[in-house]
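Okay, so here's the structure we're looking at.
Read-outs throughout are calculated quantities, based only on the coordinates presented, and are distinct from any laboratory measurement. Here the structure is a predicted model, which means the values were calculated and not measured. As a convention, Cβ positions derive from the backbone with ideal geometry for all residues, glycine included, and neighbour counts pool all protein chains shown.
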Amino acid sequence: MSNTSLELQDQFTQQATLSYSASSDSSPIQCLSSEVLSEIFVHCLEKGTISNSVTDCPLLLCCVCSSWRTIALHTPRLWTTLDFQPCRTSCTAAEFVEHVHSWIKRSGDLPLKLKLDFGYSFEGLNWHDFADVILAAYLQYTSRWRSVKISFDDTHHNAMDRVLSNPIHAPRLRSFTFKVQDAEDDDFPTPKFSFPALTKFVWAPLTHSLDEINHIPWHQLTCVDIGFRISFSPALEILQRCPKLVSYSVDLKEVEEEEPQDMKPSPPIVHLNLHSLCLSFRYLCRCFFDRLVLPALHTLKIINESDEEFEEFQPYQSELLKLLTRSECKLEVLELHHSEINLTTLLPHNSCQTLRQLSFKSRCHEPFDDVILRRMTLQTGNQTRKKKKKKSKNRGKKQQTGVPLCPVLEHLDVEFFMHIATPGLLGRMILSRCSSKASGVTLNFVNICTVDLPPLDQELLEKVDRKVCKITVDYLHGMYDGEDDDFDEYQFNSDHGYGYDYDHDLAYEYNYFSESDDDYYPF
């Protein structure tokens with residue numbers, strides 16, 4: 001081999017070595033500019049994270065390396081959301097609030113999303129002092145409020161007075177939540193708010209008349225979540241005050257039962273924009289549904305939180321059916337929890353033929369009878385041909401069409417104590433809607449919580465293609481423990497009562513990093 005060839009080979013080897021060294025010393029992400037990394041960091045933020053936890057962003061980003069730390073600390077959008085939980089901090093209340101100010105300083109002049117949840121208590125800390133000083137800090141930035149959530153129990157009198165007794169002007173505020181849990185005192189100060197840009201209002205319990213809360217721009221609200229303690233009438237009045245309302249949740253658990261004559265007679269309330277209505281109650285007042293016409297309604301949730309279910313719910317069921325008929329709405333989500341409204345009567349209604357999500361829970365009744373299960377079963381192939389032959393022989397009789405009830409149903413969640421009337425019908429209905437060969441919309445999620453599921457239904461559910469539909473079956477009170485081993489792979493749970501998953505790893509490390517690379521504060 002010539003000297004020239006040896007020299008070229010030597011150079012090639014050196015170049016390959018240098019290229020390998022460069023590739024091993026740096027990763028592709030280190031080649032990105034700080035502007036691009038900053039944008040990526042912003043997309044790492046998730047809802048529901050704890051701001052002062054190093055296991056969540058943005059503090060987690062500060063733990064990776066010094067360059068990421070520098071970028072994170074100089075990205076204001078990472079620091080606009082504050083959801084602090086000082087339950088394991090070693091700071092005093094005064095020290096803790098200094099860290100709050102430091103955090104907000106990093107956000108520049110951007111709008112703030114603030115949360116303060118003291119609807120709980122922990123031993124060993126003066127929670128009232130913590131709540132008071134943090135709230136005082138938040139009130140210094142009212143000009144930058146965009147979303148604020150405040151929750152107390154009824155022992156935080158100073159903090160509640162600070163919110164309700166002093167005038168608050170927040171020109172950029174779009175969403176405001178104020179809740180007092182387990183409140184026994186109805187004598188709350190009348191709030192003095194000025195929120196001209198507000199569109200979402202959450203308040204519980206409401207102990208004032210609507211006229212007293214006269215600084216809320218009811219006419220422009222699109223989302224309202226209210227807990228009432230006085231009567232049902234204001235719940236209907238809000239619909240009249242809020243013509244742009246899209247989502248309305250009403251908590252009526254604290255209201256005692258009212259007779260129809262307690263409701264003042266008035267014309268029907270026609271609301272053209274309401275999409276979602278959620279009612280929670282212990283006593284559902286008669287004539288409540290009779291007052292409403294909701295043509296845009298697509299989500300309806302009726303939740304009875306009483307210890308007892310109603311045995312005489314027929315009048316309310318009739319009113320609900322009339323509401324659907326008057327409104328001619330197309331429901332997509334229906335949740336009936338312990339309301340004892342009969343699905344056998346409700347599901348055949350035209351408004352339910354667009355349902356995509358159905359949730360039914362009852363202590364006293366089964367969700368479906370044989371007739372409804374058969375009508376919800378998708379008929380294909382030979383079954384359809386047999387029906388046609390039968391129809392030709394019985395032309396004078398009304399026959400069931402090939403379209404099942406709720407043909408576009410995707411999500412089914414049922415919880416019941418009663419046994420299914422005929423074993424196999426529930427499983428066959430689910431199987432017919434989960435076939436990978438079936439055309440159109442199929443079920444993609446099924447959750448069944450019951451005392452006992454017949455073996456025939458278990459066998460049919462085993463045939464469901466798990467790539468098409470996720471199925472979970474939980475047994476109430478662990479009363480049944482004879483499931484098939486093969487069913488475990490289908491997430492068949494009976495060992496944990498309701499089958500809920502509990503996260504026991506709740507030991508967050510609250511470390512708050514300062515501007516210095518070497519210093520950190522317990523936070």
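Placing pseudo-labels 7 Å out from each Cα toward the beta carbon at His215 and Thr345 gives an inter-label distance of 4.7 nm. Between the beta carbons of Thr354 and Ser231, assuming R0 = 41 Å, the FRET efficiency works out to 0.75 to the nearest 0.05.
With the simple model of a label 7 Å out from the Cα in the direction of the Cβ, Arg363 to Glu46 spans 3.5 nm.
Taking 0.36 nm per residue of separation and subtracting the Cα-Cα distance, what length does fully extending Ser66 through Ile29 add? Don't skip to the answer; put the middle values down first.
Working: separation 37, 0.36 × 37 = 13.32 nm, distance 1.46 nm.
Separation in residues times 0.36 nm, less the Cα-Cα distance, equals 11.9 nm.
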